Amino acid sequence: MRQLLMAALFFFTVASGTHAEVTLTFYSHHFGTYGLGITFPHAYVRLTGTTKADAKPVNANFGFTAQTISPSIMWEPVEGYVISMPDDYMATSQPHLSLPISDEQYRSVLALVERWRKFSQPSYNLDSKNCVTFVKEIAIALRLPASNDAKFIRDPRGFLEDLQLRTSKTNRIVATARPDPSANTKT
């Protein structure tokens, strides 16, 4: 009997590995607040799941923000960096859409994140290189129909709602938005 149980466990472990995949989810966060201060990013991505090739577990999130939040971001470029946020921040964020990605797309997203990490400073510009343009570049890398409308440059939630709508028309995603009528994610 024990051998039968071990064989069944092995079978289910192997079988579940064949269905491994990484899921990418786009998020926005209300006002970028966290704890007692203001924290960016307001838009970011989360990667979860398991890679198919080597069954490597994945649980990471990335956003792009100003190093220091100050009034100077309103009129000049400032130092920027890629940031990952803790689970409690993510729990209060708004997921907009999720989609399974291939191992190749996963590596492409990681390469894009690394490229943004290496930008020369100052790299954050409120109107041209911010959290919205970061997630937009990821969407474009995944061949999603991201809008080029300038009205979204300071509106992460609006950009991601638009991306969700456009992408849902392609039947390529699983929508994951949960209603949050009070959320306002203006950058």
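Every number here is computed from the coordinates shown, using simple stated rules; none is lab data. Keep in mind the model is a prediction, meaning the values are calculated, not measured. Every residue, glycine among them, receives a Cβ derived from its backbone with ideal geometry; neighbour counts consider all protein chains shown.
In sequence order, region 64-77 has phi-based couplings of 10, 8, 6, 4, 10, 8, 8, x, 4, 5, 6, 10, 8, x Hz under the Karplus curve 6.51 cos²θ - 1.76 cosθ + 1.60, θ = phi - 60°, and Gly or Pro positions carry x.
With Cβ to Cβ distances under 13 Å as the rule, what net charge do the other residues near Ser120 carry (K, R +1; D, E -1)? Spelling it out: positives minus negatives among the neighbours equals +3. When Rg and the Kirkwood Rh are both derived from Cα coordinates, the Rg/Rh ratio for region 99-168 amounts to 0.98. A DSSP coil position with no more than 11 other Cβ atoms inside 10 Å describes the following chymotrypsin sites (Phe, Trp or Tyr not before Pro) in region 40-107: Trp75.
Net charge within 12 Å of Ser84 by Cβ-Cβ distance, Lys/Arg positive one each and Asp/Glu negative one each, not counting Ser84 itself? Net of charged neighbours comes to +1. For region 102-116, putting each phi into the Karplus relation 6.51 cos²θ - 1.76 cosθ + 1.60 with θ = phi - 60° gives couplings of 6, 4, 5, 5, 4, 5, 5, 5, 4, 5, 5, 4, 5, 4, 5 Hz, in residue order, rounded to whole numbers and with x for Gly and Pro.
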